[in-house]
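Working notes for the structure below.
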Amino acid sequence: MKRLQNIIEVIIKFRIAIIIILAILIGLSGYQTLQKLRVDNSLSIWFLEDDPSYKAYINFQENFGSDEIFIAMLPVDNSIGESEMEALENLHKQIEALPYVKTTFSLAKAKYPIYANNKINFDDLYTNKRSEKGLKSLFSKLPNITFQLVTKDYKNQFFYIQLNPTPTIEEKRQAIAGEIRTIIEKQYSDYYLTGPPVLNEAYSKGIYKESLTFGILTVLVITLMLLFLLPSKRYLIVSLLSVAIPVSLLFGLITSLGFALNMISMLIPTILMVYSVSDAVHIINIYHKEGLINKSLSKAELLAVAVRKSFTPCFYTTLTTFVGYFALYLSPLPAFVNMGVFTCIGLVLSFILVYIITIIGFSFMTLDFKNVKPVLSVKKYSQRQFIEWLNGITSHYKNTIIIGFTAVLLFGTYSIFQVKVDTNSRNLLAEGKAKQDLRTVEVALGGSNRLQINISTANGDVILNKYAIKQLEVFQNKLEDNPLISSPVSVITIKSFLEKRTPVLFQSNVSQDKIKTTLAKLDVNDNSFFKLFSEDLTTAGFTLTLMEMKTSELEQVLDDVKRDFEASFDTSAFNLKINGFAVVFSQLNKFILETQFKSFFAAFFVAFLCLLVFIKSLKTTLLVLIPNLLPLTVLAIFMSLLDIPLDVTTAMITPIMLGIAMDDTIHLVYKYRLSKTVSGSPELRMNNAMRYTGGALISTTIALVGGFLIIASSATPSVRDFGLLCSVTVAIALITDIFYLPALLKKFDK
């Protein structure tokens, strides 16, 4: 005690120097944050560079063309009018002059094959020399291609911009999107723009905007709650500084190290601020209670008592919360790893600084502990009467409480297995122009995502032989019958067109060499937007269009493609490879499950050890652990009833909530355990512990629920679900701590 008092006296002695150092660090952090804060929601934050699926995706882009494609839908009076086509041609020239554009495609650039004089020639799909009736007749013979160039009513044109491969343009996506919009707007007053780069830009803008909004709302809500929760308004500044300083220093560190905000890390400020205010409220409440009891102590002695009585429970609550976040380090997703590491750093900063700031803040205060009152209060609400009521309920109805809560626990355990694992890509995007444009384009086009299927010969032979072409036709027909797939384009699409115009070309007596020579010339640079073959002609490509959909639906599409391939080809002679962002995105379900299992069980095991060391009794530890599992099972009940799946945001919820749920438990059990040195039954000790800590438990829970409800106000459905579920879980954690835990200990901890 004396050593602690000496440390406090040293902090008070050098408080001005400490304030100056903190002010300088905050200034540097603020400058770094303003200069270097950026948002990165690119593919690389979800997959490690050496991840096989990510590497395969990048290799595919290099060899078969990037699927970083802008899709512009341009409303016009007549899609095949001369003035409209001239505008398209002009747009091609301006867009293709940009350094990051690989190619563009539209009706103005599309070609179609003509067989004459024993060779394939290409002519423009559109020419003003042909009548409108003739154009429409020609288009009807190439439906899978022309459907992607103009709408059926000829009132919209589609314009595609294919960028260079993902790694070369990720950092410049936002600038690229802005420049492309500027060029389009010079010619078209009305247009719809979508595609992976546009959606990524919208994610980034939404993250940046909501990060600022969440930060401001969190400060306002915390301030309002503190006016109710704190014993005096003079504690308010200390509490707010305890919240603001750690977050400021953490963001300075994050930006200095070159890291960016993403859909996951945008939640760090709100979570950290709410956590910091919880510790500050506990320390302030203990300091104030001890001030009422120990009127003769000096300020340094009173601070030493408050620090000593709050340090152990606050240390263990920090430790269990730290464990919950650090468990995310085991996730295979880089975004979760960064979230876990930086939140843990923030927790350590908060734990250290909250004591330094409160000690310095209290050293400037002179309070009449007995007469001070909260700035705001609810007159009809009596905290003391409520806690006495709780103690009576958990004493007289402990058996009923135990049976009821245990039944919920068992039902929740069953519900865990009913929760779906699914990420809906549409739910990662807030309502706005980007989402509206996406819907409009997908309704007209049948999709906005590109999927490339490559079928190659196993022995390296050329795939353009009669048998392979026949099987490719069977496979194409199966793809066209799939309701989740739109407009597959392949060599079969072009072959079918040629066959209608020149039936003699593919008669049974035509030699194989003739077929090979003819079809090999179909894959020309002018039609490079659709890659039909590999350069060595051993591989045939199918380009498909997909809607933005759930990962479960993507998995279904991929399974359907594999099944159709196996039904169409001899799998010992032909190989299938499916490429594109959809393949990588569908892997998220596996990674989410892996995150859940690894991070939860790691957090659970370490949290159990922490409780065992803290409580020093295996029986009591098990009794304490049961109520901390109940909020997670209730979470599963809510997710299954409301049909909220585990996705890229809710995937981290269980380890985080396990750590946070234990915080109140530790504060309550710490006072209960200390009471063992006093004679009395478990019932009497628990009632005393609830009287001492009950107010702080309720206060910190209100702060946590308020913070997570701010996240629940997000315009992004997936983030909104995360905030809502966290709010419910934290509220249930308080209910179990003030009902279930006391009832268990009063009944069984003899």
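Each reported figure results from applying straightforward, stated rules to the coordinates on display, with no laboratory input. Fair warning: this is a prediction, and the values are worked out from it, not measured in the lab. Methodologically, a virtual Cβ is constructed for each residue, glycine included, from the backbone with ideal geometry; neighbour enumeration extends over all protein chains shown.
By other beta-carbon atoms within 10 Å, ranking Val39, Val421, Val443 with the fewest at the front produces Val443, Val421, Val39.
Put in line by how crowded their Cβ is, counting other Cβ atoms within 10 Å and starting with the fewest, Thr621, Thr413 read Thr413, Thr621.
Each residue of the stretch 641-649 was assigned a 3J(HN,Hα) from its phi angle through the Karplus expression (A = 6.51, B = -1.76, C = 1.60, θ = phi - 60°), giving 5, 8, 6, 9, x, 6, 10, 5, 9 Hz with x at Gly and Pro. Shape call for the stretch 226-272 from the C-alpha gyration tensor, a ≥ b ≥ c root eigenvalues: rounded (a/c under 1.5), prolate (a/b greater than b/c) or oblate? Because a/c hits 1.5 or more and a/b fails to exceed b/c, the stretch 226-272 counts as oblate. What separates the Cα centres of the stretch 244-318 and the stretch 569-615 is a distance of 34 Å. Annotation for the stretch 427-487: GluC sites (Glu not before Pro) lying in DSSP loop with at most 16 further Cβ atoms inside 10 Å of their Cβ are Glu431.
For the residue pairs Lys36/Lys433; Lys93/Lys186; Lys466/Lys500, alpha carbon separations beyond 24 Å are given by Lys36/Lys433.
Placing dummy labels 7 Å off each Cα toward the beta-carbon, the span from His396 to Phe597 is 4.9 nm. Cross-link pairs exceeding 19 Å in C-alpha to C-alpha distance, out of Lys55/Lys577; Lys209/Lys435; Lys398/Lys616; Lys55/Lys420, comprise Lys398/Lys616; Lys55/Lys420.
Stretching Lys93 away from Gln556 to a fully extended chain increases their span by 162.7 nm, per 0.36 nm per residue minus the current alpha-carbon distance. Roughly what angle does helix 236-256 make with the longest principal axis of the chain, taking Cα atoms, 0 to 90 degrees, to the nearest 10? Rounded to the nearest ten degrees, it is 40. As a proxy for reagent exposure, ranking Leu303, Leu138, Leu622 by other Cβ atoms within 10 Å from fewest up yields Leu622, Leu138, Leu303. Bridgeable aspartates and glutamates around Lys531 (alpha carbons under 13 Å apart, same-chain partners fewer than 8 residues away excluded): Glu62, Asp67, Asp523. The alpha-carbon of Lys233 sits under 24 angstrom from the alpha-carbons of these lysines, leaving out residues fewer than 8 places away in its chain: Lys289, Lys295, Lys299, Lys309, Lys370, Lys373, Lys379, Lys380. Taking square-rooted eigenvalues a ≥ b ≥ c of the alpha carbon gyration tensor, is the stretch 89-197 rounded, prolate or oblate, where a/c under 1.5 means rounded and, failing that, a/b exceeding b/c means prolate? Prolate shape, in that a/c is at least 1.5 and a/b is the bigger ratio.
Each Cα pair under 8 Å and six or more residues apart adds its sequence gap; the mean of these over the residue count of the chain is a relative contact order of 19 percent. Sequence-distant contacts, meaning Cα pairs under 8 Å at least 6 residues apart, place the relative contact order of the stretch 660-750 at 34 percent.
For the chain, adding -39500 (n - 2.57) for each run of n ≥ 4 DSSP H residues and dividing by the number of residues yields -21000 deg cm²/dmol at 222 nm. Entry note, the stretch 91-171: relative contact order of 36 percent, from Cα contacts under 8 Å with a spacing of 6+ residues.
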